[in-house]
1. Restricting to the range 63-75, name every residue that is more than 24 Å from Ala36 (Cα to Cα) and touching a residue at least 24 places away in the same chain (Cβ under 8 Å).
2. Restrict the check to the range 66-73 and report whether at least one residue is in the same structural domain as Lys130 (by TED's automatic domain parsing) and among the hydroxyl-bearing types (Ser, Thr, Tyr).
3. Exactly one of (1) of a type in the set (D, E, K, R); (2) surrounded by 12 or more Cβ atoms within 10 Å (Cβ to Cβ); (3) more than 25 Å from Leu127 (Cα to Cα); (4) in contact with a Gly (Cβ under 9 Å, 6 or more places away or on another chain) is unmet by Glu12. Its number?
4. Step by step: first the residues of the range 27-50, then only those that are among the polar types (S, T, N, Q) and assigned to a loop (DSSP other than H, G, I, E, B), then the one that is farthest from Leu68 (Cα to Cα). Which residue is that?
5. Which fully enclosed helices (runs of 4 or more DSSP H) of the range 59-175 have 1 or more residues being modelled with pLDDT of 80 or more and touching a helix residue (DSSP H, G or I) at 6+ places or on another chain (Cβ under 9 Å)?
Amino acid sequence: MNDPIILKKLNEVYLQVFAETGTHLELREFVSTYAANYKFHPKFRSKMWNGKIYFYDIRNHLFPIGLLPEIYRFAAKFNYKIELDFDINTLSKTISDDLLEEFCDTIAEGTQFDVRDYQFDTIKTALQNKRGILLSATGCLKPNSVIKCEISKEAFECLKNMPSGFINKNTLMNV
């Protein structure tokens, strides 16, 4: 069996990976992908780039926390053991529906719109996982929409128990 891969939480964005040199190289390839239309890129045509986008920084051994499940897939495929140097429970937080409903009601206050079920689920998932990329359709950010509503001080107070730096009052709710 291979030496274990040790993961240490560096900050809210990156994990630092401690492993053998060969393991770093394998992991880098495992989480890489070819860029869209890379064959037409001038750097690829001049043989200055292989067309791949690498999500793992092999120089500093930094791995995005959002791709943690990919490390587990990698470990299962290549028979590696993973050791975590942090509490995995710090990556998520349980949020009650009541608290979130109060928050949504506060940001919708003064508008004619209500937060829809799918928007509620999206907000809840992003807050529980402490991260998320929210895609919005073209034209969904109408001027008086709840979706574009800036988090007011009152709404921010509803979430005062959330970790600092997670949401600030200047954040726009694009769900």
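1. Just the residues of the range 63-75 that are more than 24 Å from Ala36 (Cα to Cα), to begin with: 72, 75.
Within the range 63-75, just Ala75 meets the criteria.
2. Step one: filter the range 66-73 for residues in the same structural domain as Lys130 (by TED's automatic domain parsing), giving none.
No - not one qualifying residue is present in the range 66-73.
3. Every listed condition holds for Glu12 apart from (3).
4. The first filter runs over the range 27-50 and keeps only residues among the polar types (S, T, N, Q), leaving 32-33, 37, 46, 50.
Retained after the next criterion (residues that are assigned to a loop (DSSP other than H, G, I, E, B)): 37, 46, 50.
Values: Asn37: 27, Ser46: 34, Asn50: 25 Å.
The residue in question is Ser46.
5. Numbers: elements: 68-78, 97-108, 117-129, 153-158.
Per the criteria, 68-78, 97-108, 117-129.
The values are calculated or read from the model by the stated rules, or taken from the named source; none is laboratory data. Note that this is a predicted model, so its numbers are computed, not measured. Quick reminder, even Gly has a Cβ in these numbers, built from the backbone with ideal geometry, and neighbours come from all protein chains shown.
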